1. In terms of the Cα gyration tensor, with a ≥ b ≥ c the square roots of its eigenvalues, is segment 143-212 rounded because a/c is under 1.5, prolate because a/b exceeds b/c, or oblate?
2. Positive end of the charge dipole of segment 322-443 (Lys, Arg +1 and Asp, Glu -1 on Cβ, about the Cα centre): tell me which of S391, T346, G408 has its Cα farthest that way.
3. In the chain, if the dipole is taken from +1 on Lys/Arg beta carbons and -1 on Asp/Glu beta carbons about the Cα centre, which of G236, T295, L215 is farthest to the positive end?
4. Among M37, M145, M373, which one shows the highest mean-square fluctuation when the chain is modelled as a Gaussian network with alpha-carbon springs under 10 Å?
5. Put +1 on the Cβ of each Lys and Arg and -1 on the Cβ of each Asp and Glu in the chain; which of S12, M317, A429 then has its Cα farthest toward the positive end of the dipole?
6. For the full complex of protein chains and a 1.4 angstrom probe, list I265, I17 by accessible area with the highest value first.
7. Ranked highest first by the average count of other Cβ atoms within 10 Å around their residues, in what order do 330-340, 92-102, 419-429 fall?
8. Quick one: if you stick a label point 7 Å off each Cα along the C-beta vector at A96 and L163, how many nm between them?
Amino acid sequence: MKKEQTRTSFKSRWGFILASVGSAVGMANVWGFPNKMGSNGGGAFLLIYLLFIFLFSYVGLPAEFAIGRWSRTGTLGSYENAWRSRNEKLAPAGRALGWLPLAGSLCIAIGYSIIVAYVLKAFVDSASGLLMQVNTSEWFESFSMTDFSVVPFHIIVIIGTLLTLLLGASSIEKSNKIMMPLFFLIFIVLAVRVALLPGSASGYEFMFIPRWEALKDPTVWITAMGQAFFSLSVTGSGMIAYGSYLDRKEDVIAVSRHTAIFDTIAALVAALVIIPACFSYNVSVDAGPSLLFITLPSILQDIPFGQIFAIILYAAMIFAGVSSLQNMFEAVAESLLHRFPKLRRTVALGIICVICLGAGIGMEAITRWGTWMDLVSIYIIPIGATLGAISWFWIMKKKDLFAAINEGGRKPRGKLWYFLGRYLYVPIAIILCVIALAMKVAF
């Protein structure tokens, strides 16, 4: 393994957890979870989702944290070291494989920055009062169906994300200590307001009273599995980079559990805002992007102090979006610095920003970035996550994996943890990948 270089690290467990939660919390929570829950059985979907969250946060997420900390580097170096642990001659193969999940981080950042630019536009139009006066469908179509429609917002999002990353783990930690508590506070306020809407009780019944017949539907299981997998950002890349900054005294199982708990709370709070509101106004909860940019603004136009709630809703979503972009940018930047040691951090981040803006600015219309995000989530991310799972539990030597996962642990993880990883988590990752490729299902 290469000698550790001097590098910044997270200064506290909660700083690391909040940064990891920030990476996991994003559009997958804010509209993805309510959307999928609404179209896949409500309470039954929730039970299956929680089952997979438990498994992935016990096996997959801590494995990525541990491998990053063990290697003390990000995606490329971690894959290289994992394969080297089996045989020195396999190191180049591991390094080559690492480029695929790393490319997934960069590709999804390209599309994701456009989504956050949409949210920033909604925030600005909410603050000006414009969004409270327009036909929301026409307003959304005015920029979502037009090329180069949100360029100024796009630039602000990318530069803003860059500024939160300049000092490495230190600035990631500091910014998420502000953004994540505000995110939770804002959505809790919104959830309380939605609870006062007439008819919202039907939404709570749908969310928390399972329709057991839905458990017989394999689509519900597959969708819940995919949502849990990617809600935790277990993609074989980003969480490895964050793990490389984790103190060696920390128990990765414990921090993974806390990350999963807060990520799940974020998903539930978002659902407590969106699903009861949709039931109250008798609108579909599975509308995807239009839910955030057409349906919810229409609801907010119709309630007292709607403008204020619109402002805080989109502010919370900006926090969620930027914190996820941080992880994607950081994963790529760290690996570039590992591969090219003479490269300065500011230059590496600048390169990423130029690529994201250069590639993304030409597909700001939803017909373009929607297709792009589907391709990334169907092909690159599932394959990358599967390569990671196989690399840790089938390629890497067991003693090295145990050394990585047990470092700083309060109690050693042994045969049961390894069995679950090798014979349950890896097959699940492979199944999800095969289904995504065969059925072209975007998760």
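The values are calculated or read from the model by the stated rules, or taken from the named source; none is laboratory data. Everything numeric here is computed off the predicted structure, so don't read it as measured data. Using ideal geometry, Cβ is built from the backbone for each residue, glycine included, and neighbour counts are taken over all protein chains shown. Protein only, heavy atoms only, side chains kept; ligands, DNA and RNA dropped before computing areas. Shrake-Rupley method; radii C 1.70, N 1.55, O 1.52, S 1.80 Å.
1. oblate
2. Working it through, the farthest residue towards the positive pole turns out to be G408.
3. G236
4. M145
5. S12
6. Correct descending sequence by accessible area is I265, I17.
7. Top to bottom by mean Cβ count within 10 Å: 330-340, 92-102, 419-429.
8. So the label points at A96 and L163 sit 4.3 nm apart.
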